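Working notes, beginning with the structure itself.
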Amino acid sequence: MDEESFKRQFLPLHPRLYRIAFTLTENSNDAEDILQELYCKLWDKRGELSHIENPEAFCVTLVKNLCFDFLRSAYNSKRGDIPEQMVITINDTPEKAVIRQDEVQQVGKMIETLPENQRMVIRLRGIEECSMEEIEEITGLSAVNIRVLLSRARKMIRAQLNKVTQYEQQRY
């Protein structure tokens, strides 16, 4: 496979592959590094790629495996990054904005305590807004399994939020 054929076949997949990598790593730099590694692997094996029936599915599987390898690495486990998100609506007062930011951070921490498979599907569905079909492709799980994992994850988060709310009501 020559360079132009390689670019025509694999570069259009970049946005989708990046979204998958970013969803799984939660870090744009890590996602870009993983995609760079993916392209290097593809380029090194370009002579064998003509035998692949579905290059897009192959790339999705490869990027998913690279992400899982990365997430299992000692480097990532030592980092302990927790993405912080802030949700503020236009009508929020500064007090409401602070309360909302605290709630979002609490939910983010609760998501981090979920089992890995629940954490992954809730991020894909709830944060990245992936379709069920996309989640099936990324995770390799069936739609039924994904729904069960989402239900369990939401139930656990709801229970934890109820505990926090009850505790705060008792304090005041």
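The values are calculated or read from the model by the stated rules, or taken from the named source; none is laboratory data. Source: prediction; values computed, not measured. Note that each Cβ is placed from the backbone with ideal geometry, even for glycine, and that neighbours are counted across all protein chains shown. Calculation scope for accessible area: heavy atoms of the full protein, side chains included, ligands and nucleic acids excluded. Shrake-Rupley method; radii C 1.70, N 1.55, O 1.52, S 1.80 Å.
Summary table below
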| item | result |
| --- | --- |
| Qualifying residues in the range 1-15 (those that are open to solvent by 60 Å² or more (accessible area, probe 1.4 Å) and assigned to a helix (DSSP H, G or I)) - the one nearest to residue 112 (Cα to Cα) | 15 |
| Residues located in the range 11-32, provided they are hydrophobic (A, V, I, L, M, F, W, C) and touching a helix residue (DSSP H, G or I) at 6+ places or on another chain (Cβ under 6 Å) | 13, 17, 20, 21, 22, 24, 31 |
| Evaluation of residue 113 against (1) of a type in the set (Ser, Thr, Tyr); (2) within 30 Å of residue 42 (Cα to Cα); (3) at pLDDT 75 or above; (4) open to solvent by 60 Å² or more (accessible area, probe 1.4 Å) (one fails), failing number | (2) |
| Filtered residue count, the range 16-54, keeping only those that are open to solvent by 30 Å² or more (accessible area, probe 1.4 Å) and of a type outside the set (S, T, N, Q) | 20 |
| In the range 116-141, the residues that are at pLDDT 85 or above and in contact with a helix residue (DSSP H, G or I) (Cβ under 7 Å, 6 or more places away or on another chain) | 117, 118, 119, 120, 121, 122, 132, 135, 136 |
| Residues of the range 100-110 that turn out to be open to solvent by 30 Å² or more (accessible area, probe 1.4 Å), of a type outside the set (A, V, I, L, M, F, W, C) and either touching a Pro at 6+ places or on another chain (Cβ under 8 Å) or free of Cβ contacts under 8 Å to residues at least 24 places away in the same chain (or both), as a count | 5 |
| Selection within the range 126-141 - more than 18 Å from residue 68 (Cα to Cα) and open to solvent by 50 Å² or more (accessible area, probe 1.4 Å) | 126, 127, 129, 133 |
